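> Please find one structure pasted underneath; my questions will follow.
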Amino acid sequence: MFDQNGLSLDQAPPISVVLRFFLSGALFGIVAGLLILVFNTAIFDPAAIEAVILTHTLTLGVMLSFMFAALFQMLPVIAGVKLTAPVRKANMLQYPFILGVIVLLFAFYSGKVLLFTIASFLLGGAILSITVTMLRELLKLPNHSSSSKGMSIALIALGILTILALYMTGTLGGIFEGMHYLQVKQAHFTFGLFGWIALLIISISFQVIEMFYVTPSYPTLMHKHLPLSLLILIGTGTLLSPIIADVWSFVTPLLALLMVLYALITLKRLTQRKRPITDATVLLWRIGTGLLIASMLLMLSADYSGYTILAKLSYLSFAGFAISIVFAMFYKIVPFLTWFHLSSQGYFTAPMMHEVIHPKTAMRHFYIHSATLLVLALSLFFSPLIYLGGFLTLLSFGWILWQIIHAWRLYLHTQRTGEKFEMNIPTT
């Protein structure tokens with residue numbers, strides 16, 4: 001599954017570091033399900049505060065938690081970066097981050113100026129500090145792969161995204177006048193979707209698609225130039241937006257074209273894999289990249305037709321794309337980490353990866369996840385279905401939560417009761 005060349009236990013962070021970020025992401029996903037049940041179809045109105053709250057629950061609480069988990073694990077594995085004192089760095093990030101997300105959600109709900117200020121310090125400090133740390137370590141590498149370059153660019157985008165967010169929360173908190181609030185809001189939105197979420201997924205996929213599924217590599221032109229091209233396009237739109245009012249009407253179609261091209265090539269690579277077995281992770285990659293294509297086409301159709309229902313379907317499809325991919329990564333990372341850490345500690349009774357999360361268990365979750373996305377889309381046309389969508393969201397993230405708990409309990413149980421290899425060294 002993973003190329004272990006160059007990977008050793010002293011490079012990889014403790015398994016608790018990764019699992020705890022997955023845990024916080026799953027818990028925020030459960031919160032998202034509860035919010036859907038409470039807010040109902042108001043979540044589909046971009047101007048409604050309910051939609052803003054749910055969006056930040058998903059993008060910050062869920063997506064960023066899962067992506068931090070992936071970064072803590074992937075930086076040593078596919079980039080060769082060794083993060084010193086990973087537990088301390090995780091503590092300095094996660095605790096203020098979780099508190100900051102909670103405070104921000106209450107700030108949106110209440111509109112209280114002080115809460116926006118507190119959230120700014122908590123989230124800004126936590127995210128920017130780990131972004132700078134990870135980026136600094138990546139830049140030290142003498143040789144870069146396409147994935148490590150892409151992750152560096154994605155972290156730059158995350159830093160810019162955070163600074164834009166701080167301007168917005170600073171405006172809402174009364175610190176700034178907010179003369180360019182609308183332009184910054186558009187840039188924040190674009191950096192968040194394309195410059196961080198999509199860009200990080202793309203960068204990691206350049207290596208993990210080939211590594212996990214034994215496929216041909218991505219075209220050289222794509223894996224060498226796509227991440228930087230995305231950042232340049234988004235940066236250009238951001239810098240020109242105060243001068244050229246409709247600059248995003250030119251930039252957005254180019255971004256959409258690149259996203260569709262990437263998704264089509266990824267789908268093609270998945271058909272070329274040398275391991276023909278189709279498991280839940282392959283299906284999650286397929287549904288995720290398919291939803292990315294749908295999101296981009298719906299976004300362009302909405303821009304040119306003015307139909308708001310298309311825009312809502314576009315946002316939902318993009319969320320489905322992002323969550324599908326992080327679920328696919330989750331089902332690869334957690335079983336591997338559990339086996340890897342225990343076997344590296346010498347336990348010959350370490351559970352095999354299929355014993356940590358059985359393929360049938362992951363497949364059942366794929367069906368739940370697919371049903372969740374379908375029901376939420378249909379609730380745009382038949383609103384009572386939103387309650388079923390909220391329940392399925394709870395079930396989906398609750399399923400993920402149980403897999404995390406099960407893996408951790410299995411890990412601790414093996415440490416308590418497992419048998420190790422004995423090195424009998426003769427004495428003289």
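> A302 fails exactly one of the following numbered conditions: (1) under 23 Å from Y411 (Cα atoms); (2) of a type in the set (G, A, S); (3) surrounded by fewer than 21 Cβ atoms within 10 Å (Cβ to Cβ); (4) in contact with a helix residue (DSSP H, G or I) (Cβ under 8 Å, 6 or more places away or on another chain). What is the number of that condition?
If we test A302 against (1) under 23 Å from Y411 (Cα atoms); (2) of a type in the set (G, A, S); (3) surrounded by fewer than 21 Cβ atoms within 10 Å (Cβ to Cβ); (4) in contact with a helix residue (DSSP H, G or I) (Cβ under 8 Å, 6 or more places away or on another chain), just (1) comes out false.
> Would you list the helices (runs of 4 or more DSSP H) that sit entirely within region 259-362 and hold 3 or more residues that are touching a Phe, Trp or Tyr at 6+ places or on another chain (Cβ under 6 Å) and on the phi < 0 side of the Ramachandran plot?
Values: elements: 280-305, 308-344, 353-356.
Counting at least 3 such residues, we get 280-305, 308-344.
> Please specify each residue of region 75-86 satisfying the condition of being out of contact with any helix residue (DSSP H, G or I) (no Cβ under 6 Å at 6 or more places or on another chain) and either crowded, with 22+ Cβ neighbours inside 10 Å or in a helix (DSSP H, G or I) (or both).
L75, P76, V77 - these are the residues of region 75-86 that are out of contact with any helix residue (DSSP H, G or I) (no Cβ under 6 Å at 6 or more places or on another chain) and either crowded, with 22+ Cβ neighbours inside 10 Å or in a helix (DSSP H, G or I) (or both).
> For region 382-404, how many residues meet the condition of being more than 13 Å from L37 (Cα to Cα) and touching a residue at least 40 places away in the same chain (Cβ under 8 Å)?
First, the residues of region 382-404 that are more than 13 Å from L37 (Cα to Cα): 382, 396-404.
Pick out the ones that are also touching a residue at least 40 places away in the same chain (Cβ under 8 Å) and you get 396-398, 400-401, 403-404.
Count: 7.
> Same structure, new question: Does F382 satisfy being part of a loop (DSSP other than H, G, I, E, B), modelled with pLDDT of 95 or more and not β-branched (V, I, T)? Full working, then the answer.
Working: part of a loop (DSSP other than H, G, I, E, B): yes; modelled with pLDDT of 95 or more: yes; not β-branched (V, I, T): yes.
The answer is yes for F382.
> Still on this structure, please answer the following. Got at least one residue in region 146-161 being over 21 Å from L233 (Cβ atoms) and either polar (S, T, N, Q) or more than 18 Å from the chain's Cα centre (by Cα) (or both)? Outline the logic, then answer.
Restricting attention to region 146-161, the residues satisfying the condition of being over 21 Å from L233 (Cβ atoms) are 148.
Within this subset, residues satisfying the condition of being either polar (S, T, N, Q) or more than 18 Å from the chain's Cα centre (by Cα) (or both) are 148.
Yes: one or more hits.
> Can you name the residue in region 369-381 that is free of Cβ contacts under 8 Å to residues at least 60 places away in the same chain and buried (at least 18 other Cβ atoms within 10 Å of the Cβ) and is also nearest to the chain's Cα centre (by Cα) among such residues?
Filtering region 369-381 for residues that are free of Cβ contacts under 8 Å to residues at least 60 places away in the same chain and buried (at least 18 other Cβ atoms within 10 Å of the Cβ), the one nearest to the chain's Cα centre (by Cα) comes out as T372.
> Then there's this: Hey, can you tell me all the residues within region 42-59 that are surrounded by fewer than 18 Cβ atoms within 10 Å (Cβ to Cβ), closer than 20 Å to F381 by Cα and not small (G, A, S)?
D45, P46
> Something else now. Looking at region 305-344, which of its residues are of a type in the set (G, A, S) and either surrounded by 21 or more Cβ atoms within 10 Å (Cβ to Cβ) or under 23 Å from the mean Cα position of the chain (by Cα) (or both)? It would help to see each step written out before you state the result.
Going through region 305-344, the residues of a type in the set (G, A, S) turn out to be 305-306, 311, 314, 317, 319-320, 322, 324, 328, 343-344.
Listed by number, the residues that qualify are A311, S314, S317, A319, G320, A322, S324, A328.
> Something else now. So M296 fits all but one of (1) surrounded by 21 or more Cβ atoms within 10 Å (Cβ to Cβ); (2) under 25 Å from Q73 (Cα atoms); what number is the exception?
Every listed condition holds for M296 apart from (2).
> Step by step: first the residues of region 169-187, then only those that are surrounded by 19 or more Cβ atoms within 10 Å (Cβ to Cβ) and free of Cβ contacts under 8 Å to residues at least 60 places away in the same chain, then the one that is farthest from H56 (Cα to Cα). Which residue is that?
Per the criteria, the residue is Q183.
> Does F189 fit the bill of being of a type in the set (A, V, I, L, M, F, W, C), at pLDDT below 95 and touching a Ser or Thr at 6+ places or on another chain (Cβ under 6 Å)?
Numbers: of a type in the set (A, V, I, L, M, F, W, C): yes; at pLDDT below 95: yes; touching a Ser or Thr at 6+ places or on another chain (Cβ under 6 Å): no.
When the stated conditions are applied, F189 does not pass them.
> Out of all the residues in region 80-114, which are of a type in the set (A, V, I, L, M) and in contact (Cβ under 8 Å) with a residue 40 or more places away in the chain?
Filtering region 80-114 down to residues of a type in the set (A, V, I, L, M) leaves 81, 83, 85, 87, 90, 92-93, 98-99, 101-105, 107, 113-114.
The answer is V81, L83, V87, A90, I98, V101, L104, L105, A107, V113, L114.
> Here is a follow-up. Considering only residues of region 253-284 that are free of Cβ contacts under 8 Å to residues at least 60 places away in the same chain and of a type outside the set (A, V, I, L, M), which is nearest to P216 (Cα to Cα)? Walk me through how you get there before you give the answer.
In the first step, residues of region 253-284 are kept if they are free of Cβ contacts under 8 Å to residues at least 60 places away in the same chain; the result is 253-254, 256-258, 260-261, 263-265, 267-268, 271-272, 276-278.
Checking which are of a type outside the set (A, V, I, L, M) leaves us with 253, 268, 271-272, 276, 278.
Numbers: P253: 28, K268: 10, T271: 10, Q272: 7, P276: 14, T278: 17 Å.
Applying the filter and picking the extreme gives Q272.
> On the given criteria, is L231 out of contact with any Gly (no Cβ under 7 Å at 6 or more places or on another chain) and either at pLDDT 95 or above or surrounded by fewer than 24 Cβ atoms within 10 Å (Cβ to Cβ) (or both)? Step through it out loud before you land on a result.
Working: out of contact with any Gly (no Cβ under 7 Å at 6 or more places or on another chain): no; either at pLDDT 95 or above or surrounded by fewer than 24 Cβ atoms within 10 Å (Cβ to Cβ) (or both): yes.
Judged against the criteria, L231 is not a match.
The values are calculated or read from the model by the stated rules, or taken from the named source; none is laboratory data. Small disclaimer: the values here were computed from a predicted structure and weren't measured. Cβ sites come from the backbone with ideal geometry, for glycine too, and all protein chains shown count toward neighbours.
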